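One structure is given below, encoded as structure tokens.
Read the figures in this text as sums done on the coordinates, not as results from a lab. Keep in mind that this is a model prediction, so the values were computed, not measured. In this analysis, Cβ positions are derived from the backbone assuming ideal geometry, glycine residues included, and neighbour counts consider all displayed protein chains.
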Amino acid sequence: MAESRNLDLLRTVAVLLVLVDHLFMAAGLASSFPIVYDIGKLGVLLFFVHTSLVLMLSLERTQSREGGHLFRAFYIRRAFRIYPLTVACVLLCTVFRVPQQFGSAASARSVFQVATNLLLVQNLAGQSSVISPLWSLPLEIQMYVVLPFLFVFAGRHSAKALLALGCSLALAGLAYERLLDMHVIAGLKRLDILNYAPCFVAGVMAYRLSTNRARRPVLASWLWPAAVGSLVALYGGWQVAFPHPLDRIPAYRGWVVCWILGAIIPQFREIRLGWLRKASHYVAKYSYGIYLGQVPALWIGFTFWPHMGGILRWLVSVALLAGIAVGGYHLIEHPGISVGKRVADRSNRSRSRPMELQVGA
């Protein structure tokens, strides 16, 4: 599953859902089709499940290679994986005064706001994100802190224990939502990780189920795209049938979809369609740049060529986004990943050398 094309497809669907949301906003169509806001939110939740599952698999590989250096190597590599492109995005969007999201006015950012965005702690600091997609990254950073502990937990306990943990986090999330509605604790909104922790645990559950070597995937590969599409339809239909404002969508709706996803991921064989495997692989590869670059690309495409036809502006914006994503990956993201790997490896060697000398003595 480490090189799973099924997971590539899941990541592709996630980033495209967010992109569709922003495309409709840029084109002024979101108010006519409010469901796109909900679909964009779902895309981020799918990212959370995907990320936690992929990182569980990464921790498994790290453990097999480096043993006791598991935590340190994980933190070093994740820092070099997520921060370089984020730092470049925050600085460039600040310098060129890119609006937080398309349709909002460009405004100056305070030094403190920019600093918290650079560190990806803006939610804890009570600051707004420089651009709207950055809202999810502090949540990922906070989950990175505990994911190695969840990996150890998953290795020592059954799937039932993980389910119990997920239910406990869900109860904590429900209590958190209730307290938010009551407005009894100032600054409580900064702990919004409580609303999303069950989504990350769904990815850990998928990993735990996939470690059962005696149970092989039984569902046909062609059903995987249909299953992902059905979950998108479930979430969207739920919101249409029982609408809520975007900022007040009950968190449990996302948890239900994420837990179903976590349970079914290990049940599907790998997709075989060559064109779908290749397309999802490339979109997944550049998905981080697509996610961060969509607001700047759409802002440029829809602001600086206002007299172009609507379709042409869409095409220009998508072309700009492709350039940002591909350039950002090869110039910043991939070099950062490589540096992180070297730093982690060097750190492990330096920690191992005194032990070897001691044993030799």
For segment 179-252, give the magnitude of the charge dipole about the Cα centre (Cβ charges: +1 Lys/Arg, -1 Asp/Glu; no others), in debye to the nearest 20. 440
By the gyration tensor of its Cα atoms, with a ≥ b ≥ c the square roots of the eigenvalues, what is the shape of segment 31-76: rounded for a/c under 1.5, prolate for a/b over b/c, or oblate? prolate
How many percent of all Cα-Cα pairs in the chain sit more than 29 Å apart? 43
Just to be sure I understand the model, the point goes 7 Å from the Cα along the line to the Cβ. What's the resulting Lys278 to Arg349 distance in nm? 3.9
In debye to the nearest 20, the charge dipole size for the chain, taken about the Cα centre with +1 at each Lys and Arg Cβ and -1 at each Asp and Glu Cβ, equals 1040
Roughly how far apart, in whole Å, are the Cα centres of segment 181-246 and segment 274-291? 21
How large is log10 of I(q)/I(0) for segment 35-179 at q = 0.10 Å⁻¹ when the intensity is taken from the Debye formula with one equal scatterer per alpha-carbon? -0.45
Considering the options Val54, Ala30, Ile324, tell which one lies farthest towards the positive end of the dipole of the chain, charges being +1 on Lys and Arg and -1 on Asp and Glu at the Cβ, about the Cα centre. Val54
Apply the Karplus parameterisation 6.51 cos²θ - 1.76 cosθ + 1.60, with θ equal to phi minus 60°, to every residue of segment 228-238 and state each ³J(HN,Hα) to the nearest whole Hz, in sequence, with x for glycine and proline. 4, x, 5, 5, 4, 5, 4, 5, x, x, 4
Stretch Ile311-Ala241 to full length: gain in nm at 0.36 nm per residue minus the Cα-Cα span? 22.0 nm
Karplus ³J(HN,Hα) for segment 256-266 (6.51 cos²θ - 1.76 cosθ + 1.60, θ = phi - 60°; Hz, whole; x = Gly/Pro) runs 4, 4, 5, 5, 4, 4, x, 6, 9, 3, x
Assuming a strict under-29 Å limit between Cα atoms, what lysine pair count do you get for the chain once near-sequence pairs (fewer than 8 apart, same chain) are dropped? 6
Compute the convex hull volume of the Cα atoms of segment 92-156, divide it by the residue count, and report the result per residue in Å³ as a whole number. 90
When the Kirkwood radius is taken over all Cα pairs of segment 51-100, what Stokes-Einstein diffusion coefficient follows at 37 °C and 0.692 mPa s, in µm²/s? 257
Quick one: compute the contact order of the chain, relative version, from alpha carbon pairs under 8 angstrom and 6+ residues apart, as a percent. 28
Per its Cα gyration tensor (rounded if a/c is under 1.5, else prolate when a/b beats b/c, else oblate), segment 186-239 is best filed as oblate
Got a sec? Which residues in segment 99-116 would a label at Ser31 touch, if it sits 7 Å along Cα→Cβ and we count backbone N under 13 Å? 103-104
Relative contact order computed over segment 290-332 (Cα-Cα under 8 Å; 6+ residues apart), in percent: 51
Per its Cα gyration tensor (rounded if a/c is under 1.5, else prolate when a/b beats b/c, else oblate), segment 200-306 is best filed as oblate
Under a crude label model (7 Å from the Cα following the beta-carbon direction), how far is Arg342 from Arg215 in nanometres? 4.3
What is the extension gain from Val152 to Leu223, computed as 0.36 nm multiplied by their sequence separation minus the C-alpha to C-alpha distance, in nm to one decimal? 22.4 nm
If you average the C-alpha positions of segment 150-176 and of segment 6-28 separately, how far apart do those two centres end up, in angstrom? 29
With an 8 Å Cα cut-off and a minimum separation of 6 or more residues, compute the relative contact order for segment 166-295 in percent. 33
For segment 110-126, 3J(HN,Hα) per residue [Karplus equation, 6.51 cos²θ - 1.76 cosθ + 1.60, θ = phi - 60°, Hz, x = Gly/Pro]: 6, 4, 5, 4, 5, 4, 5, 5, 4, 8, 6, 10, 5, 5, 5, 8, x
How large is the Rg to Rh ratio of segment 285-354 when both quantities use alpha carbon positions and Rh follows Kirkwood? 1.32
In nanometres, what is the gap between the two model label sites at Arg97 and Leu331, each 7 Å from Cα along Cα-to-Cβ? 2.3
